[in-house]
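Here is the structure we will look at, set down as structure tokens.
The values are calculated or read from the model by the stated rules, or taken from the named source; none is laboratory data. All values derive from a computational prediction rather than experimental measurement. A quick note on method: Cβ atoms are made from the backbone with ideal geometry, for glycine too, and the neighbour counts reach across all protein chains shown. To get the accessible areas, we keep the full protein, side chains included, count just its heavy atoms, and leave off ligands, DNA and RNA. Shrake-Rupley method; radii C 1.70, N 1.55, O 1.52, S 1.80 Å.
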Amino acid sequence: MIFTPALLPRLIEAIATAIETNAEEVTALDQAIGDGDHVINLQRGIHALMAQRDELVGLDWPTAWQKIGMTLMSTIGGASGSLFGTLFVAMGKAAREQPLTQQGFAAIFSQAVAAVKQRGRSDIGEKTLLDVLGPVADALQSAATNATACAAMLENVADTAVAGVESTRDMLATKGRAAFLEERSRGHIDAGAKTTQLMISAVAGVLLTTPA
Ligand code: ADP
Ligand code: MG
């Protein structure tokens with residue numbers, strides 16, 4: 001893999017900035033169909049990662065992802081804490097079983113998204129963060145199959161994430177707090193889908209400006 005964990009401080013900082021910049025908008029989304037705490041929950045996790053930046057730099061990817069996952073699980077709380085935590089712990093686990101090539105990373109990410117589905121007892125189409133993670137996993141897989149160049153892949157991933165967020169708007173929520181609203185959940189974007197997109201786009205943005 002051309003990208004090493006030495007990039008993690010920049011990635012974490014970019015994620016922190018993206019969430020901070022969009023905090024009000026996301027809070028309004030979670031207030032509309034959830035309980036309004038999603039950004040605060042997520043920022044607890046991001047701040048914990050900020051404090052671990054220097055430690056993460058010295059690790060290999062599987063260990064770094066595992067550590068990030070454990071930190072997120074123990075700090076975010078809410079429904080999203082165990083899901084974001086599971087994503088990274090599962091990436092760490094899968095990364096021990098395959099090489100970190102473009103194809104390998106696509107497989108690792110897909111396996112991690114499958115672990116999130118299992119953990120949330122949820123799937124794509126239920127108006128959650130999976131409506132961003134699932135399509136992004138598919139985009140990575142098809143880029144790997146077609147040996148798409150890195151920059152084109154990253155741009156496609158960012159666009160796919162944005163489309164995933166928008167796809168949640170008219171969905172009926174069947175998981176999480178929004179599910180209590182039943183039909184009234186329609187017409188609102190899911191907050192977890194939005195923060196997932198912001199984080200993925202922030203990562204893509206950093207990688208696009210990193211010379212390979
Ligand atoms: P809580 O709902 O406990 O207050 P957060 O506000 O931090 O937790 O996170 C809410 C987000 O978590 C939702 O917007 C949704 O994207 C995601 N979510 C909740 N439950 C599930 C689930 N079962 N599967 C997938 N994602 C879920
Ligand atoms: Mg909430």
Exposure ranking of ARG44, ARG177 by accessible area [1.4 Å probe, largest first]
ARG177, ARG44
Spin-label pair ALA152/ARG53, simplified geometry with 7 Å Cα→Cβ offset, distance in nm
3.5 nm
Two pseudo-spin positions, 7 Å from Cα along C-beta at ARG121 and at LEU100, lie apart in nanometres by 3.6 nm
Considering the convex hull of the alpha carbon atoms of segment 5-208, report its projected area averaged over all viewing directions, in nm², one decimal.
9.8 nm²
Whole-number accessible area per residue in Å² for segment 5-208, which is evaluated in the context of all protein chains at 1.4 Å
45 Å²
Can you tell me the length gained on complete extension of the stretch LYS175 to ASN22, counting 0.36 nm per residue apart and subtracting the Cα distance?
52.7 nm
Let me have the 222 nm mean residue ellipticity of the chain computed from DSSP H runs of 4+ only, each contributing -39500 (n - 2.57), with the sum over all residues rounded to the nearest 500.
-23000 deg cm²/dmol
Percent carbon-and-sulfur accessible area, segment 5-208, ignoring ligands, DNA and RNA, probe 1.4 Å
55 percent
Cα to Cα, under 18 Å, and not fewer than 8 places away if on the same chain: which lysines meet these conditions relative to LYS117?
LYS93, LYS127, LYS175, LYS194
